[in-house]
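Here the structure is laid out as C-alpha cells; the discussion comes afterwards.
Just so you know, all these numbers are worked out from the coordinates, no wet-lab data involved. Treat the numbers as computed from the prediction; the structure is a model and nothing was measured. Cβ sites come from the backbone with ideal geometry, for glycine too, and all protein chains shown count toward neighbours.
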Amino acid sequence: MIRALLFLLCLAGPAAAQDAPTQPSGTISTTQDSRGDLAIEQRIEAIIAELDGYAEVGVDVREGIVTFTGEVLDGEAIPRLEELAARVDGVVAIESEVIESTDVSRRLDPVVKRFQDRFWQTVTYLPLLAVAVTAGVFVILLGVLLARWDWPWKRIAPNAFIADIYRVVLRLAFVLAGVVVALDILNATAVLTGLLGAAGIVGLAVGFAVRDTVENFIASVMLSLRQPFRPNDYVDIEGSAGSVIRLTSRATILLDADGNHVRLPNSFVFKAKILNYTRNEERRFSFMLGIDPNDDLAQARQIGLATLAELDFVLTDPAPQVWVKEAGDSTVSMEFLAWVNQREVNFAVARGEALRVVMAALTRAGIGLPEPSYRLNLTGGGLPVIDLPDTDRRAEALVLSEDDTPEPEKPHLDARDVAADTTIERMVDEERRENDRTDLLSTAAPEE
C-alpha cells in the first residue's frame, strides 16, 4: 500500500512542477532594503501599465518577493505576468494570486470593442476592396469575351466539341487570373494557396465520385480527335452493327439495318474493337459448298471460278478464288470467294446471287452436292439396323415421269439488279440534317 502511494506521488510530482509559477534563478543577495523593493514594484507596475489586460492587477514587493493580486480577462495572461516579473533584477520569488475574471460585463466589453474596430477597419478597406473587385471582374469579362469569339476557335479546333473545351479552359484561366489580380491588390495572395489546396482536395474527391463520367468525357475528346469513322460508315462495334449517325459528347449513335437507333457510350466505343466495313470500297464475300468426294474436285473448282468471273458485279481485280477447305466424312468442303464494290452493289444480295448461280452451274455439270449421311444403330427390341442412303443414291432411285421435265435455268442477275440499297443512308442523312450541330464528326478532320 505504501509503495502504491509513493508511486502515485512520483507521478503527480512532475505535473505539479509543470504547473508551478516561473521563479527567478541565481544567487540571492544578502542586502535588501525598502528602496530596492520600491524600485522593483515601480518597475513592474510601469511595465504592466503599458500592456493590455492587466489594468486590474496589483503589485506588492517585500524582501524581493513579488506578489500579484487582482483579476485578468484572459487566463493565458497569468503565466506571462509571472515570466515578466522573473526577468526583473532583484526579484527573489514570485507569488501570484491573480484569477481569471468571470464578470460578464467586463468580458463582453473587449468583444464589443473588437467588433467595432473590425467594422471601421472594413469601412476604411472598402475603397481598396472595390478597386480589387473591379480589376478582377474586368479580367474575367475579358476572358468571357475572348471565349465567345468563334473565328479563332473554329480555325484551331478540329470540331465544335474541342472548340467548346478550348473556350472553357480559356474562361477558367481568366477567372483564375482575375482572382489572383484581386488578391494581389488586397495583398492577400497567401489566401490563394489555401484556395488552390482546398480546390485540389475537392477536385480529387469529385473525380473519384464521377469517375465514369470523366472517363466518358475523355473518351469523347479522343474519339473526336481520332475520327475512327465518318457519318454513314457501316461499322461493327463489339457486336453492335449499324451505320454511324453522329458522335456526341457522350455517346456514339448508330442506325441498324432494321432502322433502330443504337446508342453506345463513348468510353465503351473508345476501348472496343471497331470493324469499319465502309472505309474500303472493295469487300470480299465467301461461302462454302459440300462437294461429293467421288466427283472431280478440280473440275468443280474450275466451274466455280468461271461462274464467279462471269458475274457482272464481281470484280476482276482482285480475282475470284476457290479452294478445298476441308474433307469431311461424306463431303469435301470447298470455299468460294469473290470481291465486289460494296458502294455500288448490295453486299448481301450479291453474295446470295453468287451462291445460287454457282450451285446451279455445279448441278448442271453433274457435280454432286450431297448432304452428310448418318448411320443409325438401334439396339434392343429386335429393331433392324438402318443404313440411311446419301442424297445421290436417293436421287438415283427417283424415277421421273414422262411429263416431268427439268425447269430451265434462271438467268443470273446483273449489277443493276444487285445495286446498293440506299434506304439506311437516306435515313442517316435526314437524321443529321435535323441535329447537325450536335455532331462531333468532321470530314475535314484527319482519319485514324
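What spacing in nm lies between the two simple spin-label points modelled at Asp212 and Thr102, each 7 Å away from Cα in the Cβ direction?
6.1
Quick check: net charge around Ala147, other residues with Cβ under 12 Å of its Cβ, Lys/Arg +1 and Asp/Glu -1? Mind dumping the intermediate values first?
On the way: positive: Arg148, Arg167, Arg171; negative: Asp150, Asp164.
With Lys, Arg at +1 and Asp, Glu at -1, the neighbours total +1.
Extending each Cα 7 Å along its Cβ direction at Gln321 and Gln299, get the distance between those two points in nm, one decimal.
It works out to 2.6 nm between the two label points.
Highest mean first, how do 141-153, 113-125, 263-275 rank when packing is the count of other Cβ atoms within 10 Å averaged over residues?
263-275, 141-153, 113-125
Roughly what would the spin-label model give for Leu146 and Leu186, points 7 Å off Cα along C-beta, in nm?
2.4
What's the magnitude of the charge dipole for the stretch 49-136 around its Cα centre, counting Lys and Arg as +1 and Asp and Glu as -1 at the beta-carbon? Answer in Debye, nearest 20.
640
For the stretch 280-309 and the stretch 213-244, compute the distance between their C-alpha centroids and round to whole Å.
37
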